[in-house]
1. Could you list all residues from segment 19-67 that are farther than 19 Å from residue 86 by Cβ, open to solvent by 10 Å² or more (accessible area, probe 1.4 Å) and outside any loop (DSSP other than H, G, I, E, B)?
2. Just for segment 151-172: of the residues that are crowded, with 17+ Cβ neighbours inside 10 Å and not aromatic (Phe, Trp, Tyr), which one is nearest to residue 194 (Cα to Cα)?
3. Any residue in segment 74-99 that is in contact (Cβ under 8 Å) with a residue 60 or more places away in the chain sitting within a Cβ distance under 8 Å of a residue that is open to solvent by 60 Å² or more (accessible area, probe 1.4 Å)? List the pairs, counting only those 6 or more apart or interchain.
4. Would you confirm whether or not segment 86-93 contains a residue that is open to solvent by 30 Å² or more (accessible area, probe 1.4 Å), of a type in the set (D, E, K, R) and farther than 14 Å from residue 20 by Cβ?
5. Can you report the number of residues in segment 6-16 which are open to solvent by less than 30 Å² (accessible area, probe 1.4 Å) and either in a helix (DSSP H, G or I) or among the polar types (S, T, N, Q) (or both)?
6. For residues in segment 138-187 being hydroxyl-bearing (Ser, Thr, Tyr), modelled with pLDDT of 95 or more and touching a strand residue (DSSP E or B) at 6+ places or on another chain (Cβ under 8 Å), which is nearest to residue 22 (Cα to Cα)?
7. Determine, yes or no, whether residue 76 is within 30 Å of residue 19 (Cβ to Cβ), assigned to a helix (DSSP H, G or I) and in contact with a helix residue (DSSP H, G or I) (Cβ under 9 Å, 6 or more places away or on another chain).
8. Take residue 93 and decide whether it is closer than 17 Å to residue 14 by Cα, at pLDDT 95 or above and touching a Phe, Trp or Tyr at 6+ places or on another chain (Cβ under 9 Å).
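The values are calculated or read from the model by the stated rules, or taken from the named source; none is laboratory data. From a predicted model like this one, the values you see are computed outputs, not experimental measurements. Backbone-built Cβ (ideal geometry, glycine too); neighbour counts: all protein chains shown. To get the accessible areas, we keep the full protein, side chains included, count just its heavy atoms, and leave off ligands, DNA and RNA. Shrake-Rupley method; radii C 1.70, N 1.55, O 1.52, S 1.80 Å.
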Amino acid sequence: MINFDVVILGSGLAGLSTAIKLASDKKIAIISKGSLDESSSQWAQGGIASSTAKFDSYESHIKDTNIAGAGLCDEKVTDFVTKESTSALEWLIKMGVNFTKQSNNSNLHLTKEGGHTKRRIAHVADATGSAIQTTLIEKIKNHPNISIFENYIAVDLITTKKLDNSASKDNTCLGIYVLENETGRVITIQSNITVLAT
């Protein structure tokens with residue numbers, strides 16, 4: 001059995017960014033079914049939508065998102081994601097993602113895509129996902145509190161109900177069983193927090 005504070009299942013942008021944000025004071029394990037650079041995030045071409053420009057607003061971004069969502073958007077989620085997009089973009093820049101800049105100055109080159117009525121998409125040429133993924137992987141590999149398990153597949157979550165068939169109402173996740181692809185060996189990882197970022 002191996003012990004971690006946090007085990008993260010998934011090595012796309014959600015898993016990698018979560019690991020980086022938690023690793024300052026926690027021992028982290030990232031479980032990747034292949035190599036770290038094989039996630040779907042790697043192939044994302046578009047960019048990050050954020051109403052950072054002076055001519056834009058959160059209200060306009062929210063309105064565009066709701067129209068494009070054809071009435072299916074959760075109001076609280078849309079509001080949260082839209083308002084937090086600027087700080088998320090700033091965090092990625094701080095991590096070292098080299099977003100495309102305007103040719104005549106150092107401002108971000110923003111594009112208009114999908115249902116957006118304003119230019120608000122920050123991008124890295126036409127390979128934004130790859131650029132972000134590569135930058136975050138470099139941070140992950142150099143962080144002393146992050147352990148990487150490449151070519152492992154999740155077998156099952158370890159929960160109190162599975163370990164103890166009593167009638168207890170609490171069902172807490174205690175970690176995860178993972179299969180090492182190369183050897184066929186199942187490893188038990190105990191953790192205080194288990195994040196599903198798949």
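1. Residues satisfying the conditions are 22, 37, 38, 40, 41, 42, 43, 67.
2. First, pick out the residues of segment 151-172 that are crowded, with 17+ Cβ neighbours inside 10 Å: 152, 154, 158.
Cutting the leftovers down to not aromatic (Phe, Trp, Tyr) gives us 154, 158.
Numbers: 154: 12, 158: 10 Å.
The selected residue is 158.
3. 95/139
4. From segment 86-93, those open to solvent by 30 Å² or more (accessible area, probe 1.4 Å) are 87-88, 90-91, 93; that's our starting set.
So of that shortlist, the ones also of a type in the set (D, E, K, R) come out as 90.
Pick out the ones that are also farther than 14 Å from residue 20 by Cβ and you get 90.
Scanning segment 86-93 turns up at least one residue that is open to solvent by 30 Å² or more (accessible area, probe 1.4 Å), of a type in the set (D, E, K, R) and farther than 14 Å from residue 20 by Cβ.
5. 3
6. Taking segment 138-187 as the starting set, the residues that turn out to be hydroxyl-bearing (Ser, Thr, Tyr) are 147, 152, 159-160, 166, 168, 172, 177, 183.
Adding the requirement that they be modelled with pLDDT of 95 or more leaves 147, 152, 177, 183.
Those left that are additionally touching a strand residue (DSSP E or B) at 6+ places or on another chain (Cβ under 8 Å): 147, 152, 177.
Details: 147: 13, 152: 22, 177: 22 Å.
That would be 147.
7. Working: within 30 Å of residue 19 (Cβ to Cβ): yes; assigned to a helix (DSSP H, G or I): yes; in contact with a helix residue (DSSP H, G or I) (Cβ under 9 Å, 6 or more places away or on another chain): no.
Against the criterion (within 30 Å of residue 19 (Cβ to Cβ), assigned to a helix (DSSP H, G or I) and in contact with a helix residue (DSSP H, G or I) (Cβ under 9 Å, 6 or more places away or on another chain)), residue 76 does not qualify.
8. Working: closer than 17 Å to residue 14 by Cα: yes; at pLDDT 95 or above: yes; touching a Phe, Trp or Tyr at 6+ places or on another chain (Cβ under 9 Å): yes.
Yes.
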